[in-house]
Amino acid sequence: MSQPDGGTFDVVILGAGSGGYAAALRAAQLDLSVALIDKAELGGTCLHRGCIPTKALLHAAEVADQTRESEQFGVKADLVGIDMAGVNAYKDGVVARLYKGLQGLLKQPKITVVQGAGKLVAKDAVEVDGKRYVGRNVVLASGSYSRSLPGLEVDGKRVITSDHALKLDHVPSSAIVLGGGVIGCEFASVWRSFGADVTILEALPRLVAAEDEEISKAVERAFRKRKINFKVGKPFEKVELTDNGVRATIQGGETVEAEILLVAVGRGPTTKDLGYEEQGVTLDRGFVITNERLHTGVGNIYAVGDIVPGLQLAHRGFQQGIFVAEEIAGLNPAVIDEAGIPRVTYSDPEVASVGLTEAKAKEQYGADKVSTYNYNLGGNGKSQILKTAGFIKLVRVEDGPVVGVHMVGARVGELIGEAQLIYNWEAYPAEVAQLVHAHPTQNEALGEAHLALAGKPLHAHA
Ligand code: NAI
């Protein structure tokens with residue numbers, strides 16, 4: 001018996017987050033017909049529950065800090081308080097405008113948006129509400145969710161994930177942040193700026209443990225100064241509800257109490273009960289395994305975004321989505337270098353990096369072939385004006401290009417654009433050194449670091 005027909009398309013995409021909608025837009029540009037399926041809002045985690053709303057909170061946090069600390073610039077102001085309703089209205093306004101824009105972008109003849117929960121029911125078909133959407137190609141882009149730990153029950157009130165944290169209607173008086181990775185450090189930073197007592201619990205020996213070790217040290221130093229508490233090197237054991245909050249225990253028995261606990265121990269792939277395995281797609285701990293061209297090895301099924309092992313970042317999803325659309329169109333796009341994907345943590349201070357850490361570079365090229373240079377932002381005029389501390393660390397291979405750029409300090413996220421060009425174009429220090437960097441900018445610090453590495457430092461010692 002034939003099933004009700006949703007139609008046949010060049011590309012059927014399951015999931016309209018960063019990876020899925022980017023694939024849809026690029027495929028449509030390439031004149032392919034697209035069905036873009038999602039059970040929730042177009043834009044996915046990044047737009048509605050991730051990058052955009054959290055960065056709005058972080059900006060409000062920066063405004064709070066600047067008001068509180070305005071006196072050091074000779075400006076008199078009192079921080080009267082944080083009106084969470086106002087903060088949320090600002091945040092939601094940003095999301096709403098971008099959402100409207102995205103809906104407009106996707107409204108085009110080549111793209112059919114299908115609202116509903118999809119399931120892969122054949123190697124070339126996704127079913128939504130009993131209707132079958134057949135694709136000459138299928139792109140799995142179902143994204144990720146906030147993961148918890150065994151025995152740790154998220155109740156959405158006192159034990160929460162970032163989804164709930166984005167909707168809080170008040171500033172908690174105190175918070176435990178479980179996990180000192182990207183989400184943990186960003187929320188710890190926001191809540192501290194809003195006046196909460198914050199304690200981060202991290203199992204690994206350092207905060208932002210995926211970053212270069214010296215960067216972690218600088219973040220820890222800055223957090224200590226901001227009176228953000230953190231306990232590293234001991235895994236969390238359990239959490240209990242108390243009369244008016246939570247009590248967390250870490251290995252060894254030490255306890256911490258607070259009003260709420262944020263679970264930020266990573267994000268898991270959304271791949272359960274979606275029919276992937278039934279159709280022969282290989283899953284590893286829930287992640288979809290693909291080759292470097294993002295093909296699953298089954299039919300014409302591809303996967304993009306957070307369900308593919310690697311960095312769970314929106315811009316990686318965008319790039320993978322574009323890649324797959326071009327692959328389907330036969331354009332033979334260049335394989336994406338994961339190390340070349342820029343990474344930014346928007347806490348105060350910010351962390352931004354691209355390429356290899358010093359440790360990874362030494363592993364890859366041999367310890368004697370790798371050298372590093374740290375340029376202290378203390379010598380950078382604009383950073384002095386902003387009163388921020390931090391540094392830029394370059395990692396290079398002997399007689400070779402720069403293979404890692406690592407930065408910490410206020411606003412360094414905005415410097416990642418040049419840093420990623422340097423890494424991805426395999427620039428030599430001498431090549432960057434001959435480019436003129438505007439004065440006074442923080443960007444100049446990148447130029448100075450390369451001048452130094454090229455053996456001709458201007459505002460630094462060699
Ligand atoms: P994450 O992997 O960055 O950090 C999770 C941390 O939790 C790790 O440091 C881990 O050691 C720790 N952990 C795990 N089990 C633990 C235990 N039992 N006790 C104590 N600590 C434990 O994941 P996170 O921060 O949840 O973020 C999820 C994803 O979202 C990441 O891939 C991240 O890149 C992405 N994201 C990116 C942002 C950005 O680019 N600015 C912002 C927020 C999230």
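Restricting the stretch 363-423 to trypsin sites (Lys or Arg not before Pro) that sit in a DSSP loop and have at most 13 other Cβ atoms within 10 Å of their own Cβ leaves LYS387. Residue order for PHE187, PHE287, PHE73, PHE236, fewest other beta carbons within 10 angstrom first, comes to PHE73, PHE287, PHE236, PHE187.
Identify the GluC sites (Glu not before Pro) of the stretch 359-462 meeting these criteria: DSSP loop state and at most 16 other C-beta atoms within 10 Å of the C-beta.
Filter output for the stretch 359-462: GLU398, GLU426.
The alpha-carbon of LYS362 sits under 18 angstrom from the alpha-carbons of these lysines, leaving out residues fewer than 8 places away in its chain: LYS393.
From the square roots a ≥ b ≥ c of the eigenvalues of the alpha-carbon gyration tensor of the stretch 159-265, which class results: rounded (a/c under 1.5), prolate (a/b over b/c), or oblate? Since a/c reaches 1.5 but b/c is at least a/b, the shape of the stretch 159-265 is classed as oblate. Rounded, prolate or oblate: which fits the stretch 349-453, taking a ≥ b ≥ c as square roots of the Cα gyration tensor eigenvalues, rounded meaning a/c under 1.5, else prolate when a/b beats b/c? Since a/c reaches 1.5 and a/b is larger than b/c, the shape of the stretch 349-453 is classed as prolate. For VAL232 and PHE73, what does the FRET efficiency come to when R0 = 45 Å and r is the distance between their Cβ atoms, rounded to the nearest 0.05? Working from the Cβ atoms, E equals 0.85.
The trypsin sites (Lys or Arg not before Pro) of the stretch 198-299 that meet both conditions, a loop assignment by DSSP and at most 14 other Cβ atoms within 10 Å of the site Cβ, are LYS227, LYS272, ARG285, ARG293.
For HIS170, HIS164, the sequence from fewest to most other C-beta atoms within 10 Å is HIS170, HIS164.
Here LYS39 is the anchor, and the lysines within straight C-alpha reach of less than 26 Å, apart from those fewer than 8 places off in the same chain, are LYS55, LYS91, LYS100, LYS107, LYS110, LYS119, LYS123, LYS131, LYS157, LYS167, LYS272. Between the stretch 1-45 and the stretch 59-109, the alpha-carbon centres lie 32 Å apart. Calculate how steeply helix 213-225 sits against the longest principal axis of the alpha-carbon atoms of the chain, using the helix alpha-carbon long axis, and give the answer as 0 to 90 degrees to the nearest 10. Roughly 70 degrees between the two axes. Panel values: the chain, Kirkwood radius from alpha carbon pairs, Stokes-Einstein at 4 °C and 1.567 mPa s, translational diffusion coefficient 54 µm²/s.
Between GLU414 and THR255, what FRET efficiency follows from the Cβ-Cβ distance if R0 is 41 Å, with the result rounded to 0.05?
Numbers: r = 40 Å, r/R0 = 0.97.
According to the calculation, E is roughly 0.55.
Ranking of ASP197, ASP38, ASP155 by neighbouring Cβ atoms within 10 Å, starting from the fewest: ASP155, ASP197, ASP38. Does the stretch 42-86 come out rounded, prolate or oblate, given a ≥ b ≥ c as the square roots of the eigenvalues of its C-alpha gyration tensor, rounded meaning a/c under 1.5 and, failing that, prolate meaning a/b above b/c? Verdict is prolate for the stretch 42-86. Here the relative contact order of the stretch 349-453, from alpha carbon pairs under 8 Å that lie six or more residues apart, stands at 32 percent.
Remark: spin-label model distance LYS225-HIS461 equals 2.1 nm, labels positioned 7 Å along the Cα→Cβ axis.
Any read-out appearing in this document is the output of simple, stated calculations on the displayed coordinates, not a laboratory observation. All of these numbers come straight from a predicted model, not from anything done at the bench. Every residue, glycine among them, receives a Cβ derived from its backbone with ideal geometry; neighbour counts consider all protein chains shown.
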